[in-house]
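The values are calculated or read from the model by the stated rules, or taken from the named source; none is laboratory data. Source: prediction; values computed, not measured. Cβ coordinates were reconstructed from backbone atoms using ideal geometry, including for glycine residues, and neighbour counts include every protein chain displayed.
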Amino acid sequence: MLTIAVSKGRIYEEALPLLAEAGIVPIDDPKTCRKLILQTTRDDVQLVIIRATDVPTFVEYGAADLGIAGKDVLLEHGAEGLYEPLDLGIACCRLMTATRKNAPPITGRVRVATKFVKIAERYFASLGIQAEIIKLYGSMELAPLVGLADCIVDLVDTGNTLKANDMEPRDLIMNISSRLVVNKAAMKMKNAAIAELLAQFERTLAKRV
Ligand code: AMP
């Protein structure tokens, strides 16, 4: 049996067609059923649909053999215990800094609100900018509006969330997409099954280009 941990929400939705090409179609819909382990049309594959930030943990400890998670989450988690063999090219977006519209340029020390603490620390250090990072778990856009921070580091897709909150994107930190990750021990112990799945995903991705 192979267990694949998938980030719930946008990544799960965009992973479904890719999984379907490998014959993996969940039998239940996680939106309407409360099951945490989803059986699929393949007897040898099950899915666990979990919070994005938990995917690397499940795969690292071998609770799942494979995982699908955003590069942002993998960088923030520090994915040393995992193989990352494939860029799935789904749930693409940009990790950016953003400020209030027409905010003055940042000089001197900057207060940054984000859930990506490690990435933000590394980014501002690489620019030689002194940054005080304030960890938030959501609604980052609120922070500059109420004077909690000068800027935020967050994922931007259409830019609509920023616009709706009188903010604007500033600098691109990196382009983000979802990656397939594999537990290191599983890669050895279940090599045939995992290699076959990787080859199938690669064939599907090659058709998409
Ligand atoms: P948008 O308004 O389209 O720019 O989307 C921005 C909001 O969606 C922010 O709250 C982001 O944290 C979230 N978001 C955008 N893209 C992604 C993604 N690929 N994965 C997870 N969250 C995302």
If the Cβ limit is 9 Å and pairs must be 6+ apart or interchain, which residue in the stretch 126-150 that is more than 11 Å from PHE116 (Cα to Cα) pairs with which residue that is assigned to a loop (DSSP other than H, G, I, E, B) and of a type in the set (Gly, Ala, Ser)?
-> ILE129/GLY108; GLN130/GLY108; GLU132/ALA149; ALA143/ALA149; PRO144/ALA103; ASP150/ALA103
Sort out which residues of the stretch 165-180 are crowded, with 18+ Cβ neighbours inside 10 Å and within 21 Å of VAL73 (Cβ to Cβ), and write them in order of number.
-> ILE173, ILE176, SER178, ARG179, LEU180
Taking GLY108 as meeting all but one of (1) more than 10 Å from the ligand (Cβ to nearest atom); (2) in a loop (DSSP other than H, G, I, E, B); (3) crowded, with 17+ Cβ neighbours inside 10 Å, write down the number of the exception.
-> (3)
Considering GLU84, GLU80, GLU60, which residue is more than 16 Å from the ligand (Cβ to nearest atom) and modelled with pLDDT under 95?
-> GLU80
Residue list for the stretch 138-164, restricted to those being assigned to a helix (DSSP H, G or I), near the ligand (Cβ under 10 Å from one of its atoms) and surrounded by 17 or more Cβ atoms within 10 Å (Cβ to Cβ) | LEU162
Can you pull out the residues in the stretch 48-77 that are among the aromatic types (Phe, Trp, Tyr) and not in a loop (DSSP other than H, G, I, E, B)?
-> PHE58
When the stretch 165-185 is examined, which residues are found to be among the charged types (D, E, K, R) and part of a strand (DSSP E or B)?
-> GLU168, ARG170, ASP171, ARG179
